[in-house]
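Here the structure comes first, spelled out in structure tokens, and everything after it is commentary.
Just so you know, all these numbers are worked out from the coordinates, no wet-lab data involved. On a predicted model such as this, the values are computed, not experimentally measured, just so you know. Neighbour counts are summed over all protein chains in view; Cβ atoms, including those assigned to glycine, are modelled from backbone coordinates with ideal geometry.
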Amino acid sequence: MKLNVKIRNLGLRKIEMISNSMKDFTVMRNKYTLDEIWLVQHYPVFTYGVSEKEYNWFIPKRIPIIFINRGGKTTYHGPGQIVTYFLLDLIRRNINIKTLMLLMQNVVMSTLKCFSIHSYILEQFPGIYVNDKKICSFGLRIKKGCSLYGMSLNIDMDLSPFSYINPCGNNIKMTQIVDVKPNLNFRTVQLALMNNIKKYFL
């Protein structure tokens, strides 16, 4: 079921601010509140979710590491990566978290297909993969029947901080779009992603 949704491009923001805004939005929303999807870039930060019992990564002190109340383990966010947050009333849309994950996968894979990038999923390890490397990660939370958090797509960023952690707990190597298609730029991919979000969620 597709319903109206407000898409916001929020630019470069601190993850703590966005996380708090999501929580406030979800607490305050009611059955009439319009769903929203936020596209954001974050300042460099490591985050770990509820699936990470503890972390003991030897990470650079210049990059903070914080707990985020989402699914998944440890990951890295930084400029040049689009993080997309899905603030959706799943009950109103009559979908479950499995269907939401499928829709998010379709958005990313359709976006990559726009640039002739073949991608695939691995059932045992959530995410989107290209050439045996992970290009997109997922992490969700459900509260009051509504979704928070979402996915992060690597476009044109510094991937080196991923080397300090075990990304998402499965020793997968990370990649990004410009490593596959060097002539692409952030803005072009962002526009394609937004078009596919509209295709699957409006």
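In the range 178-202, what residues are under 25 Å from Arg70 (Cα atoms) and among the aliphatic types (A, V, I, L, M)?
Leu193, Met194, Ile197, Leu202, listed by residue number.
Sort out which residues of the range 146-202 are in contact with an Asp or Glu (Cβ under 6 Å, 6 or more places away or on another chain) and either among the charged types (D, E, K, R) or assigned to a helix (DSSP H, G or I) (or both), and write them in order of number.
Val178, Phe186
Please work out which residue is nearest to Leu191 (Cα to Cα), limiting yourself to the range 109-150 and to residues that are aliphatic (A, V, I, L, M) and without any contact (Cβ under 8 Å) to a residue 60 or more places away in the chain.
The qualifying residue nearest to Leu191 (Cα to Cα) is Met109.
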